[in-house]
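In what follows, a structure is listed as structure tokens, so that the remarks can point back to it.
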Amino acid sequence: MLTILGMTYMVNAMDRIVFSILLPNVSKTYGFSLAEGGFLATIFTLGIGLSGIPTGFLMDRLTRMRVLVIGVVIYSAMTILSAFSTGFYDMALYRAISGVGEGMQQAALFTAVGAYFASNRAAALGSMNFAYGIGSFVGPTLAAFLLVWTGDWRTPLLVYGALGLVVIGIAMLTVSPSFTEQTSEMVGAGATETEESIPDRVLNRNVVICAINALALGVAGYGFLGLYPTYLRTELGFSITQAGFAISLFGVGALFGIPAGYVADRVSQRAVAMAATLAMLVVNYLLFNVVKSPMGHDILALLAGAIGSGVIFVNTYSLIQRCVRSSDVGRASGIMVTSLYLPASLGGYLFALLHDQFGWGGAAVLQLCLVPIIAMISMALFDTRAIRRPRHAKGF
């Protein structure tokens, strides 16, 4: 059942990342500027961000599986409709609503998996990121193949939209409510320690710090994802196949989520967050200011995915769930989704504006390097005592 749910998240990743690969072709068809294209590439995160907190409350009233199904149906339908857009405004609308569906699915999925595997929460969420990594690798490569094969950028959108509907149908028939609707987090003897040290309010100090880290990841990460393929194709002269392969390797890096989660269940998650954030800003600087060769970008894109998606995302998501009581995990997931994706919705647009003023290298320094420093400073103030943790964890 975990594998089947992972398949639904794999399709989510394919659907989410495909547009940035197709963006130069879409912009050519409609005559979009770089700023308009960057806006379209990341506007879906606005929908994800807006869906986060409402989805947390929705899960108090509907089953997690029902919320998950609604989410997949929404983003699959909007992906198909995007292929029939007439211009900028209706495409932006479809992309934004698509994000609502993706956010609903992610919040429901991560809440269900985190609750069921409470004693190994980070590793379990890492397995979902592993599935996301597979989708992130397969998605751009398959999209590039479909684009070259048919000569029409609409084909990948139609294929991915239909695939989402098929996969969620399989999940509805095979995944048991006993898996997705687990309410107690005491799965297995001695799974977690007492919750007495956890504040009885959701919006506590540690949750706010995790939210700040999610915000920084969203602004930097989606500024990168939104325009990185365009940078490779227009500035460095990479072919669509080379650009697609590089961004696919970013997805391969997300496969690091399982070992990263295993480590995060056992060591200081605060230290993991700070070290990984420092590594991320160094890699971002090298990508846009130093390295120019395809092989160099392949290696750095792999590292960017491993650090950003495999470590920081998984670590922050599991950490914010551990900063609240078990009854509030769904709402914590909603806060995580909103904090990450709402500011990320303008990540591509902001990166394009900074590019117009400072060039690719200067824009990368300002958005992809300086913003993560805010996250590092906030994490230094994290209260390691007010957290639920597995008994095998040390040094939180």
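The values are calculated or read from the model by the stated rules, or taken from the named source; none is laboratory data. Just so it is clear, the structure is predicted and the values come from calculations on it, not from any experiment. For neighbour counting, all protein chains shown are included, and Cβ atoms are generated from backbone atoms with ideal geometry for every residue, glycine included.
A few remarks follow.
- Test: residue in segment 6-13 that is in a helix (DSSP H, G or I), under 17 Å from Gly330 (Cα atoms) and among the hydrophobic types (A, V, I, L, M, F, W, C): no
- Looking only at segment 40-50, and only at residues there that are under 30 Å from Arg331 (Cβ atoms) and in contact with a Leu (Cβ under 9 Å, 6 or more places away or on another chain), the one that is surrounded by the fewest Cβ atoms within 10 Å (Cβ to Cβ): Leu50
- Residue in segment 289-299 that is under 24 Å from Met128 (Cα atoms) and of a type outside the set (Asp, Glu) present: yes
- Counting only helices (runs of 4 or more DSSP H) that sit completely within segment 234-295, those holding 1 or more residues that are more than 15 Å from Gly126 (Cα to Cα), touching a helix residue (DSSP H, G or I) at 6+ places or on another chain (Cβ under 9 Å) and free of Cβ contacts under 8 Å to residues at least 60 places away in the same chain correspond to 240-253, 269-289.
- Just one of the listed residues (Val371, Val365) is in contact with a Phe, Trp or Tyr (Cβ under 8 Å, 6 or more places away or on another chain), aliphatic (A, V, I, L, M), surrounded by fewer than 24 Cβ atoms within 10 Å (Cβ to Cβ) and farther than 25 Å from Thr141 by Cα, and it is Val365.
- Those residues of segment 307-328 which are among the polar types (S, T, N, Q) and surrounded by 24 or more Cβ atoms within 10 Å (Cβ to Cβ), in sequence order: Ser309, Asn315, Thr316, Ser318, Gln321
- Of all the residues in segment 51-72, those that are assigned to a helix (DSSP H, G or I), modelled with pLDDT of 85 or more and not charged (D, E, K, R) number 7.
- Among the residues making up segment 81-90, those that are surrounded by fewer than 24 Cβ atoms within 10 Å (Cβ to Cβ) and either polar (S, T, N, Q) or under 21 Å from the mean Cα position of the chain (by Cα) (or both) are Ser85, Thr86.
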